[in-house]
Structure formats: C-alpha cells, structure tokens
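Some notes on the structure that comes next.
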Amino acid sequence: GENPLRGNIRISGAKNAALPIMASCLLLKGTSRIQGIPELTDVKTLCEILNNLGVKTERCRDRTLEITVQDDSNVTAPYELVRTMRASICVLGPLLGRRGAAKVSIPGGCSIGPRPIDLHIKGIKALGAEVEMRDGYVIATGKRLKGTTVSLGGVAGSSVLGTCNILMAAVLGEGRTVITNAACEPEVQDLANFLNKAGAKITGIGEKTMIIDGVDEWHGTEFTIIPDRIEAGTLMIAGAVTGGR
C-alpha cells in the first residue's frame, strides 16, 4: 500500500551559488530579487558585509532576498566581518569593477592559509588593477578595467571563487576578456547566467574558456538560484540506505 510517510522534500538553494550572486549585486543599479536563498550563517554574514558596503538587503517570503545598492562610496570589507567566512573574498571583483577600488580583508587575517587567493590577484592584475597586500588586506585600484586574456589554472586546478571574481570584475570592463582554465562548476554557471540576465555578455558558460564582452550599464533583475547538489545527494543516499522512496 501507499507509504503514509512518503512526501516531497524541497532542496535548499545552493549556498555556493547564492554568495557570489549576492556579491555581484554590488555591480547593479536598482533592485534584484533572488529566490532560493538558503537561511544559513554564511548568507547572514554576507548580508552584513553588503550592508556595510551601502547595500540594503531585505528578506521576503519564500526564501527571496531583495538587494538594492543605496550608497557606493565605501570600498572596504573589514576584517571583523570577513574573518569568519572565506567566501567573503567574492566582494573583491564587483567592488573593483563598479567602484574602481576595493580593500578586502584576507579571510584569516595576514595568513593567506591553505586556500590561497593568488589566482584572484593574478586575474585582477591582468585586467589592469594595481594590487598591494598590506596589514592583512588586499588593496586593489583600477578605473574601467581593460579586457585581456586571463589564465586561472593553478597547482590545485581552477578556482571557483577566483573565476567568479574575475567574471564580476570584467563585466563592466572595456573590451573583451577571455578566461582560460575557468572553473566549470554549476555554481559558476549560475553566476554567469544571473549576470547575463542583468545585461552582461558572457559566453562559454560551463566551458573551460569563458568570454566576457564589457557593457556600460545594467540593472537589477529577478533570478532563482540552483538547488544545492550536496544536499540533494545526501537525501538521495538517505533514501537508498533506508530502502525508502
């Protein structure tokens, strides 16, 4: 007979897609409505960082987050907010791309640690930014970055957050940027699809070579992020282990 306990389970949105997409709203004018944002500590932390950077974040029903840039004068993401979350580095690219400067604490302070951000630095330097590391901060400056070819291949392979940062730094740049050895993960693809919906011109999504043609202006949009593949896989395994459905 029918199992009375059987039911549908709703998978949360992917955190690793939500965080870069939230950060990319620093680039946009107007309000973006992003559906599927999970209720996690990292999301709350990034909201606090964005608030500090002049961005209004408002939770709506049905896991929707509204994001609006109200003041674009601040370019500093301070240590006390960044220290708890490695993914905070994803504000580097959009701050530089929109505001022409970024001062972002290295997660963990002066120690770059086991997950280096050298590919992030290499990428934004290639786009024409001047970068220095001082007192545990990455300090980058560069008005209207210029398109170029950037290779994001490292000893540990391509970088997901590095690819996201270069994408976000390049979309408002001048000319064409080609990212080789780009990360192909679904979360990177989701960011690129969000940026395109807002008016960017990105091709090669999901491929090792991505092409970004710079645009002058774009605006907020509505978007639903992808579900979390790790959560989905965990629940699939739970169903298999229990012999359930």
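The values are calculated or read from the model by the stated rules, or taken from the named source; none is laboratory data. Keep in mind the model is a prediction, meaning the values are calculated, not measured. With ideal geometry, Cβ positions are generated from the backbone for all residues, glycine too; neighbour counts draw on all protein chains shown.
Assorted remarks:
- Just one of the listed residues (183, 140) is part of a strand (DSSP E or B) and touching a helix residue (DSSP H, G or I) at 6+ places or on another chain (Cβ under 6 Å), and it is 140.
Yes or no, residue by residue, for (1) buried (at least 20 other Cβ atoms within 10 Å of the Cβ); (2) of a type in the set (Lys, Arg); (3) at pLDDT 95 or above; (4) in contact with a Leu (Cβ under 9 Å, 6 or more places away or on another chain):
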position	(1), (2), (3), (4)
189	no, no, yes, no
204	no, no, yes, no
208	no, yes, yes, no
213	no, no, yes, no
218	no, no, no, yes
241	no, no, no, no
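- Residues that are of a type in the set (Ser, Thr, Tyr), outside any loop (DSSP other than H, G, I, E, B), under 21 Å from residue 14 (Cα atoms) and in contact with a strand residue (DSSP E or B) (Cβ under 8 Å, 6 or more places away or on another chain) do not occur anywhere in the range 123-137.
- Test: residue in the range 100-112 that is within 22 Å of residue 213 (Cβ to Cβ) and either free of Cβ contacts under 8 Å to residues at least 40 places away in the same chain or surrounded by fewer than 18 Cβ atoms within 10 Å (Cβ to Cβ) (or both): yes
- Residue-level check: of (1) touching a helix residue (DSSP H, G or I) at 6+ places or on another chain (Cβ under 8 Å); (2) among the charged types (D, E, K, R); (3) over 22 Å from residue 23 (Cα atoms), residue 231 misses just (1).
- Applying the criterion of at least 1 residues that are of a type outside the set (Asp, Glu) and under 20 Å from residue 226 (Cβ atoms) to the helices (runs of 4 or more DSSP H) found wholly in the range 5-98 leaves 15-24, 41-52.
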